[in-house]
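Report on one structure; see the data block that follows.
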Amino acid sequence: MSAKQQSKNKSADSEPNPISSDSPQPGNRQNGAPDASSDAATAGSPISSVNPSPGPSTLAVHAGEDRQKTCNSITDPIFVASTYTFADTQSVINYIEQKQPREEYGRYGNPSERVLERKLAALEGGEAALVFSSGMSALVVLLLAKLNAGDEVVFFDECYHRSREFCSKHLSRFGVVTRQVAACDYAAMEAAITPRTRLLISESPTNPHLSVVDLERFADIGRRRNVETLIDATLGTPYNIRPLAAGIDYVLHSATKYLGGHNDLLAGTLISTTKNLEPVRKLRGITGAINSPHNVYLLERGLKTFELRMQRHNENGLAVAQFLADHPRVEKVYYPGLPSHPYYEIAKRTMRGFGGLVTFLVRGADWQQTARIVDSVKIPRIAPSLGGVESLIEQPLVMSYYECTPEERRQYGIHDNMIRLACGIENSADLVADLKQALER
């Protein structure tokens, strides 16, 4: 039997994906804010007869998956093969000439990975997604695929410091110019654009200051100046913000965080149009920046509870931020769900919830006094990262900027008395009580 015949038989034996991600599924298009469901491209699928716009949990559980799977399993199997076989020479020729959607070699993809990519695209409301070994590998491969010597990128300066470091210290060796402007200063960003600018990059919200980008305004600058735009929505998540619906070209996530949700995997993803991602997909196959079969399984499983976890993260983040804002030992709270936050109005208009990350300054404390508070909590563990079920706490000066000079830390807005708390899914009353005892020691 030829590869073409096998492909036809396989299609006939299995039912179509219950939720298709062949076209975008944006939420509320008012500046990218999500509504309760996505505009799913599910016409004709079994679920579309129940609800043409499935909600986030329905998408997280079912999107991208075949209804009837290998060996009738309800879960997708883990494929640990490094290579994939062909029945005969004609099958190889058919695969090449007909560009059949099957696997050939493990560095180019995995059947489970394709299921996961369809699910991620559906959650984000995009045409296609790519999965990588980490969020940084996703960014690096995208930049290498899109940029040439002499090209320029413009960052808002509150982006992840490793992202900026890769551009300023490593891409610069190949003739790529990196420009940084103040976060959310749209006039400065537009002024930094030159005829060689190829990409505008920001997080939203940013880490650890939680500045919120006006996504439509950001996208409009890129569209008017013919420059592509990228939003790292790791902190925002597909549950709380919808960059593609606002006109952003690429959305990046460190899936290690909220998407995986259990502090047990490393992964990254890019979501965009199929056309935009094709050169990135090809370069991923060359560089080998794919993820492992087991991590792909863990990420798909973690996504099943994505909406439930995000609801608790949002609830905990707001409760902790409100407590800290009223505590006499706290000088300042960075949280976009508080009216005191400089981007509160934008956040209220564009976000479903405000996430589980809270940053605050301890009043009158030096770095050692601040460290004692970090050491005094009982529930959060001291560690980098965020978005998992366990709460994590850190002092940015120590965890991420210890080797920087005081001048560099001031430039990055990292204060000696700053604490970053990534709320997990514990009960908010317990997190508040724990912070209270640590602050009042």
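The values are calculated or read from the model by the stated rules, or taken from the named source; none is laboratory data. All values derive from a computational prediction rather than experimental measurement. Counting neighbours? That spans all protein chains shown, and the Cβs are built from the backbone with ideal geometry, glycine included.
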### Summary
The helices (runs of 4 or more DSSP H) lying entirely within segment 264-326 that contain at least 2 residues which are more than 30 Å from S428 (Cα to Cα) are 274-287, 293-303
### Query
Going by the structure shown, is Y334 crowded, with 18+ Cβ neighbours inside 10 Å, over 18 Å from V432 (Cα atoms) and touching a Ser or Thr at 6+ places or on another chain (Cβ under 7 Å)?
no
### Query
Which residue pairs have Cβ atoms closer than 7 Å, lie 6 or more positions apart in sequence or on different chains, and pair a first residue in segment 311-335 that is more than 18 Å from S204 (Cβ to Cβ) with a second residue that is modelled with pLDDT under 95?
none
### Summary
Here the qualifying pairs (Cβ atoms under 8 Å; residues six or more apart or on different chains; first in segment 277-301 and at positive phi and assigned by TED's automatic domain parsing to the domain that holds V140; second among the polar types (S, T, N, Q) and surrounded by 23 or more Cβ atoms within 10 Å (Cβ to Cβ)) come out as none
## Note on the structure
Restricted to segment 66-112 and to residues being farther than 24 Å from L283 by Cβ and of a type in the set (S, T, Y), the residue surrounded by the most Cβ atoms within 10 Å (Cβ to Cβ) is S91
### Task
Say whether the condition of being outside the structural domain of S211 (by TED's automatic domain parsing), under 21 Å from E307 (Cβ atoms) and hydroxyl-bearing (S, T, Y) is met by at least one residue in segment 399-422.
no
### Task
Please indicate, with yes or no, whether at least one residue in segment 131-140 is assigned to a strand (DSSP E or B), touching a residue at least 40 places away in the same chain (Cβ under 8 Å) and assigned by TED's automatic domain parsing to the domain that holds G285.
yes
### Message
Yes or no: segment 154-169 includes at least one residue that is surrounded by 24 or more Cβ atoms within 10 Å (Cβ to Cβ) and among the aromatic types (F, W, Y).
### Response
yes
### Query
Can you name the residue in segment 399-426 that is free of Cβ contacts under 8 Å to residues at least 12 places away in the same chain and of a type outside the set (D, E, K, R) and is also surrounded by the most Cβ atoms within 10 Å (Cβ to Cβ) among such residues?
C404
### Task
From the list T206, T197, T178, T237, pick out the single residue that is hydroxyl-bearing (S, T, Y) and in contact with a Phe, Trp or Tyr (Cβ under 6 Å, 6 or more places away or on another chain).
T237
### Boolean, P396 is touching a residue at least 12 places away in the same chain (Cβ under 8 Å), farther than 19 Å from R312 by Cβ and surrounded by fewer than 18 Cβ atoms within 10 Å (Cβ to Cβ)
no
### Query
Hey, among the residues in segment 217-234 that are in contact with a Leu (Cβ under 6 Å, 6 or more places away or on another chain) and farther than 16 Å from I271 by Cβ, which one's surrounded by the most Cβ atoms within 10 Å (Cβ to Cβ)?
G222
### Query
If you take just the helices (runs of 4 or more DSSP H) that sit entirely in segment 147-243, which of them hold at least 1 residues that are farther than 26 Å from R349 by Cα and at pLDDT 95 or above?
186-192
### Summary
Residues in segment 365-399 that are in contact with a strand residue (DSSP E or B) (Cβ under 8 Å, 6 or more places away or on another chain) and either closer than 24 Å to A429 by Cβ or polar (S, T, N, Q) (or both) total 20
### Query
How about segment 394-437: which of its residues are among the aliphatic types (A, V, I, L, M) and closer than 16 Å to T359 by Cβ?
L397, V398, M399, I414, M418, I419, L421, A422, L431, L435
